[in-house]
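Student: This is the structure, below, for whatever I ask next.
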Amino acid sequence: MADLRAMIAANEKGVQELRKMVAHFGLEVVHAYMKHVQDNAEEAVRRVIDVLRDGTFAYEMDNGAVVRVAIAIDRVRRSARIDFTGTSAQLADNFNAPAAVTMAAVLYVFRTLVADEIPLNAGCLKPLEVVIPEGSMLRPGYPAAVVAGNVETSQYVTDALYGALGMMAGAQGTMNNFTFGNDRYQYYETICGGSGAGRLDTGGDAAAQGFDGTDAVHTHMTNTRLTDPEVLEWRFPVLLERFAIRRGSGGAGRWRGGDGVVRRVRFLESMTAAILSGHRRVPPFGAAGGGDGATGRNWVERADGRREALGGADATELAAGDVFVIETPGGGGFGASG
């Protein structure tokens, strides 16, 4: 409900600001400048497309589903066709993603390829034709479950697009959604990991210029921050025993993938905890000869010393003294090591 209220409030604020602009500048001027902003974004993306190459990529998820994409560049029209044909059919689990999620991922990826300082807007999509097959996991039919589509599947879509373009290795590829609570407390966080290494230019040698991935960052669509340890421990009956970079989890390469993190949370009273995460089975991919990033792991250490492994999407009951441990994936490396 809070999310819905925030969306309504954001749109209402937008309405108010648009009315202010129209009142100050006049409707014709506002229309003209909005068109200019979109036309400029469209041309910026077309300039990127001018130096891109055709590419394909298939990315398997931990549940066995595959996100498949083919990108075809039309030099004459200065446009690109992004085709997700071959992606797995609608799933029985909740990793389906509404088409809007895939469109957002496409918009995000092509905007990141534009070096100019332009506002994000629909003009970026004008040179792009996006094909999302009906009945696929990226365009499911009602009443398909989609709760993991926005937080997890979107990451695979994004990395598959970068893989097809040959621009970047896979990031940690998951938001590591961690929730816990009881009748009194409820908490939800996403946990950082390693970003993928990649190339700096959009044309030329696949590994001529590049960059290392970054350690311990929220990647791509995550768009959230972690609660400060002091605030977490003050508001909830938990102790954050360790939050550290998971050294060596990034993929090797001429440019190394970023490292993930280790997060240990000890519970001081009984709670139900759940984890929704990816890349616990399939590692984030390396590119252009770079190595894969390390997969993540989840487990519980009971107060009596027992250790229980958990899956990527799992839940468990915790007693006082139990510790929930999450190791997040590293990003893939880019370019063969010298």
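The values are calculated or read from the model by the stated rules, or taken from the named source; none is laboratory data. Since we're looking at a predicted model, the values are computed, not measured. Because the Cβ atoms are built from the backbone with ideal geometry, glycine has one as well, and the counts that use them run over all protein chains shown. Accessible surface areas use protein heavy atoms only, side chains included; no ligands, DNA or RNA. Shrake-Rupley method; radii C 1.70, N 1.55, O 1.52, S 1.80 Å.
Student: Answer yes or no as to whether L4 is in contact (Cβ under 8 Å) with a residue 60 or more places away in the chain, among the aliphatic types (A, V, I, L, M) and either more than 26 Å from K126 (Cβ to Cβ) or not in a helix (DSSP H, G or I) (or both).
Tutor: no
Student: Considering every residue within segment 215-238, establish whether at least one is open to solvent by less than 20 Å² (accessible area, probe 1.4 Å), outside any loop (DSSP other than H, G, I, E, B) and either closer than 22 Å to F57 by Cα or not aliphatic (A, V, I, L, M) (or both).
Tutor: no
Student: Would you confirm whether any residue within segment 297-304 is touching a residue at least 40 places away in the same chain (Cβ under 8 Å), under 28 Å from E60 (Cα atoms), open to solvent by 20 Å² or more (accessible area, probe 1.4 Å) and of a type in the set (D, E, K, R)?
Tutor: Looking through segment 297-304, none of the residues is touching a residue at least 40 places away in the same chain (Cβ under 8 Å), under 28 Å from E60 (Cα atoms), open to solvent by 20 Å² or more (accessible area, probe 1.4 Å) and of a type in the set (D, E, K, R).
Student: Among the residues of segment 100-128, which ones are in contact with a strand residue (DSSP E or B) (Cβ under 7 Å, 6 or more places away or on another chain) and closer than 16 Å to L52 by Cα?
Tutor: Within segment 100-128, V106, F110, P127, L128 qualify.
Student: While we're looking at this one, here's another question. Do we find that G213 is of a type outside the set (A, V, I, L, M), out of contact with any helix residue (DSSP H, G or I) (no Cβ under 8 Å at 6 or more places or on another chain) and modelled with pLDDT of 95 or more in this structure?
Tutor: yes
Student: Which of (1) under 30 Å from R199 (Cβ atoms); (2) open to solvent by less than 20 Å² (accessible area, probe 1.4 Å) does V325 not meet, given it meets every other one?
Tutor: Among (1) under 30 Å from R199 (Cβ atoms); (2) open to solvent by less than 20 Å² (accessible area, probe 1.4 Å), V325 violates only (1).
Student: List the number of the failed condition for D259; all other conditions in (1) open to solvent by 40 Å² or more (accessible area, probe 1.4 Å); (2) charged (D, E, K, R); (3) modelled with pLDDT of 95 or more hold.
Tutor: Failed condition: (1).
Student: Here is a further query. Residues R78, R47, R53: which one is of a type outside the set (A, V, I, L, M), surrounded by fewer than 17 Cβ atoms within 10 Å (Cβ to Cβ) and in contact with a Pro (Cβ under 8 Å, 6 or more places away or on another chain)?
Tutor: Within the list R78, R47, R53, the selection yields R78.
Student: Listed residues F243, F211; which is in contact with a Pro (Cβ under 8 Å, 6 or more places away or on another chain), open to solvent by 50 Å² or more (accessible area, probe 1.4 Å) and either farther than 19 Å from V282 by Cα or of a type in the set (S, T, Y) (or both)?
Tutor: F243
Student: Give me the pairs: first residue in segment 157-186 and closer than 13 Å to P284 by Cβ, second residue among the hydroxyl-bearing types (S, T, Y) and assigned to a strand (DSSP E or B), beta-carbon distance under 7 Å, and six or more apart or on different chains, which are they?
Tutor: So the pair list comes out as D159/Y59; A160/Y59; G163/Y59.
Student: Looking only at segment 223-231, decide whether some residue is among the aliphatic types (A, V, I, L, M) and touching a residue at least 40 places away in the same chain (Cβ under 8 Å).
Tutor: no
Student: Related question: Within segment 180-208, how many residues are modelled with pLDDT of 95 or more, of a type in the set (V, I, T) and in contact with a helix residue (DSSP H, G or I) (Cβ under 9 Å, 6 or more places away or on another chain)?
Tutor: Counting residues in segment 180-208 that are modelled with pLDDT of 95 or more, of a type in the set (V, I, T) and in contact with a helix residue (DSSP H, G or I) (Cβ under 9 Å, 6 or more places away or on another chain) gives 1.
Student: In segment 140-155, what count of residues is obtained for those that are surrounded by 16 or more Cβ atoms within 10 Å (Cβ to Cβ), aliphatic (A, V, I, L, M) and either touching a residue at least 60 places away in the same chain (Cβ under 8 Å) or in contact with an Asp or Glu (Cβ under 8 Å, 6 or more places away or on another chain) (or both)?
Tutor: 2
Student: L128: in contact with a helix residue (DSSP H, G or I) (Cβ under 6 Å, 6 or more places away or on another chain), open to solvent by less than 60 Å² (accessible area, probe 1.4 Å) and touching a residue at least 24 places away in the same chain (Cβ under 8 Å), yes or no?
Tutor: Here the answer is no, as L128 does not meet what is asked.
Student: Can I ask one more? I'd like to check which strands (runs of 3 or more DSSP E) are fully inside segment 244-309 and have at least 1 residues that are within 19 Å of the chain's Cα centre (by Cα) and of a type in the set (V, I, T).
Tutor: Of the strands (runs of 3 or more DSSP E) lying wholly inside segment 244-309, those with at least 1 residues that are within 19 Å of the chain's Cα centre (by Cα) and of a type in the set (V, I, T) span 260-267, 271-276.
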